[in-house]
1. Look through region 312-357, keep the residues that are of a type in the set (G, A, S) and under 30 Å from the mean Cα position of the chain (by Cα), and return whichever of them is surrounded by the most Cβ atoms within 10 Å (Cβ to Cβ).
2. Can you pull out the residues in region 103-127 that are surrounded by 14 or more Cβ atoms within 10 Å (Cβ to Cβ), in contact (Cβ under 8 Å) with a residue 40 or more places away in the chain and closer than 25 Å to T67 by Cβ?
3. Among the residues of region 457-480 satisfying the criterion of being in a strand (DSSP E or B) and in contact with a helix residue (DSSP H, G or I) (Cβ under 6 Å, 6 or more places away or on another chain), which is farthest from P399 (Cα to Cα)?
4. Identify, please: which residue in region 425-444 is surrounded by 13 or more Cβ atoms within 10 Å (Cβ to Cβ) and assigned to a loop (DSSP other than H, G, I, E, B) and is, among those, modelled with the lowest pLDDT?
5. So which residues in region 394-424 are surrounded by 14 or more Cβ atoms within 10 Å (Cβ to Cβ), in a loop (DSSP other than H, G, I, E, B) and not aliphatic (A, V, I, L, M)?
6. Taking E371, is it under 30 Å from A313 (Cβ atoms) and not hydroxyl-bearing (S, T, Y)?
7. Among (1) touching a residue at least 24 places away in the same chain (Cβ under 8 Å); (2) under 25 Å from C183 (Cβ atoms), which single condition is I131 missing?
8. Among the residues of region 320-332, are any modelled with pLDDT under 90, in contact with a Ser or Thr (Cβ under 6 Å, 6 or more places away or on another chain) and not small (G, A, S)?
Amino acid sequence: MIKEVRISELLKPRQSTPTRWANAVTNLKTLMPEQGITLYVILLLSLICTANIVVLGNWVETPGIYTMILISSLFPLFSHQIKLHPILIHLISFLIGTILVLYNTLTLIKNLPLDEKLSELKLRLAYWYEIATTDGISTDLIPYTIFLLSLTWLLGYASSWFTFRHNNIWISIVLNGVSILTCLSLLPEQYSSRFYLYAFTAMILITHITTVKQRGEWSKNGTSFNNLDGWLTLNSAIWYSIAILIISTAIPLKIYVSRPVADTWKAAREPVAVIENEFARLLGSVPSRTQQNGRGFGKFLPFIGSISFREEAVLITKSDYPNYWISRTYNTYTHEGWISGETHIIDLDKYSKFDNTSGLQSTKLASQRIEMSFPSDQFFAGGNISSVSESISLESLKPKTFKVEVGDDNIDGYLPSDLQQFELDIEKFLQESPAGIRNNNFEEFLLSQLPNEYKYINTSSNNNGTEKINLTRTAPLNLDIVNWKLARQIPANKQLMMVSSVSVSSPEELRTSGQIYHGFIQDHYLQLPEDMPRRIYDLTAQITSGKTNPYDKAVVIEEHLRHGEYQYSHKISRPPIGADGVDHFLFTTQTGYSDYFASAMTVMLRTAGIPARLATGYSAGTYSPDKDSSTIKDSDSHGWVQVY
């Protein structure tokens, strides 16, 4: 018997058996959030824009930053399938992020087994923390690698979490926007176009998340929504975004500045300036990527690596006597660089007279003119300032304070020798007087024994039963000016007229000038770390052997550095972490630029008992007889030694 079969049944398509690949795709779709993969791809592109700016900036090494962005943003994407409390998910994310940050950071420590890498990292972080909580300078960038990688993980995780868990794209836009604008503010202008790329992805994100939300509302109401409609909406959003960006870049921009607003902004920024100083102290070895007008001379001068200058003119000067133009001096030496000490401000009105040369010999007044090729409030002095055609602020180094603890039978070794003897006398008085500090004659005796050049402040009691006598050094007759600054920002090419006192001492006068220094000078300009390498002392003693006065010793040290086996170069590596900068220059690399040569001479002079400080600014530049002026370029930036 023949079975009849309809033709429609013969033509009916055969049901295909699901393949392994199709099953995998189906399973993957179940892991996807309801917002879809398209939203994630756009979000990832915006995150990559920010990470790419960090990589281009190259301030510190950030190994694995793109991997961090990918994994951190994927984790919230799939975690919606995990039936755990959000806090527990955050903790798991924190643990994974910590492991990845640690792993990527350890790749920067080369040629060591894992356990030694961990020990090295622990020591370096502890050393950095010690410096950060005191007044030292750090050149170690590993803490900032950890910081940037941690922020990268947090940025990716938070952006993805709020986008896919809460349908809130604005957290991502704000976090990314702040991050990318902060980075761009530290980069040259040619990188500003990167912001438009980010803005493009941000606008697409806003459009797409709006579409996703609307589609969800329509689904609840039973309204059908074709996937093609979503793609058409996205396509339109892309073209509208491109048009908006093109128009925004084409519109001319003119900035109007209100003077009261500018003054208010300057006052409001003062707390920020303090933070900037801290960043300079701890991030001084990070190279600047911005197009700066001349070299900045801040409170901290770390030993950094390679340095580059432009050949553009920064100053046009004229002076009766050729001279260097000084911006700032540094008194405190650390293994990692120099620090300019605490100061108080002296404000001088324009054309007011300021005499800071009392008792100085062989000086003459010089008429000088200077103009800067850029708007600035920086000031460069050509000697001891007598008067200026603009109001300026001078920073004078504060005298040091001393705390003499008595009643513990110990002598404080860090005190100057005259104060150590003073402490012995006070200890003896307290032992012989039953009433001790409460003796009516104590303060009278204290003042009678106080060495010259000190001022008594007060006496306070410690918890351990000892007494603390607080003293301060008296200031010398002439104020010690360490920084010069204009009271306002002046426009480019504005001429400043000044009168300065300059030294015209002869070598013979310097040779016979004597070796008696005010205690203030010794406090600030003989300072060295207690653990200075001994071989610097030995080298100085060898070079200065047979020389009997500070001038001749300074000359032979200069000749050793100028004509020895040392090479001048801007392309160098910074000293290793934990090494002394001057020791590394003198005995290891023997290569550096003016900051290193001047630092070496300053330190060597101090080891010989000769007060000296490091000065920074610009050399005299190139003189033009036709214009009767000197042109100073950015490349004339210079560091030199001032010897007492």
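1. If we filter region 312-357 for residues that are of a type in the set (G, A, S), which is where we start, we get 313, 319, 327, 337, 340-341, 352.
Narrowing the set further to residues that are under 30 Å from the mean Cα position of the chain (by Cα) leaves 313, 327, 337, 340-341.
Details: A313: 16, S327: 22, G337: 26, S340: 22, G341: 19.
Here the answer is G337.
2. N104, T105, L108, R124 - these are the residues of region 103-127 that are surrounded by 14 or more Cβ atoms within 10 Å (Cβ to Cβ), in contact (Cβ under 8 Å) with a residue 40 or more places away in the chain and closer than 25 Å to T67 by Cβ.
3. Initially, region 457-480 is screened for residues in a strand (DSSP E or B), giving 457-461, 467-473.
Narrowing the set further to residues that are in contact with a helix residue (DSSP H, G or I) (Cβ under 6 Å, 6 or more places away or on another chain) leaves 467, 473.
Values: E467: 22, R473: 5 Å.
The qualifying residue farthest from P399 (Cα to Cα) is E467.
4. Taking region 425-444 first, the residues surrounded by 13 or more Cβ atoms within 10 Å (Cβ to Cβ) are 425-427, 429-430, 433, 436-437, 439, 442-443.
From the residues that got through so far, the ones that are assigned to a loop (DSSP other than H, G, I, E, B) too are 433, 439.
On the way: S433: 71, N439: 61.
That would be N439.
5. The answer is K398, P399, K400, G407, D412, P416.
6. Numbers: under 30 Å from A313 (Cβ atoms): yes; not hydroxyl-bearing (S, T, Y): yes.
Yes: the conditions hold for E371.
7. (2)
8. Step one: list which residues in region 320-332 are modelled with pLDDT under 90, which gives 320-323.
Cutting the leftovers down to in contact with a Ser or Thr (Cβ under 6 Å, 6 or more places away or on another chain) gives us 320.
With not small (G, A, S) added as a condition, the list becomes 320.
Yes: region 320-332 contains one or more residues that are modelled with pLDDT under 90, in contact with a Ser or Thr (Cβ under 6 Å, 6 or more places away or on another chain) and not small (G, A, S).
The values are calculated or read from the model by the stated rules, or taken from the named source; none is laboratory data. Note that the structure is a prediction, hence the values are computed from the model and not measured. As a convention, Cβ positions derive from the backbone with ideal geometry for all residues, glycine included, and neighbour counts pool all protein chains shown.
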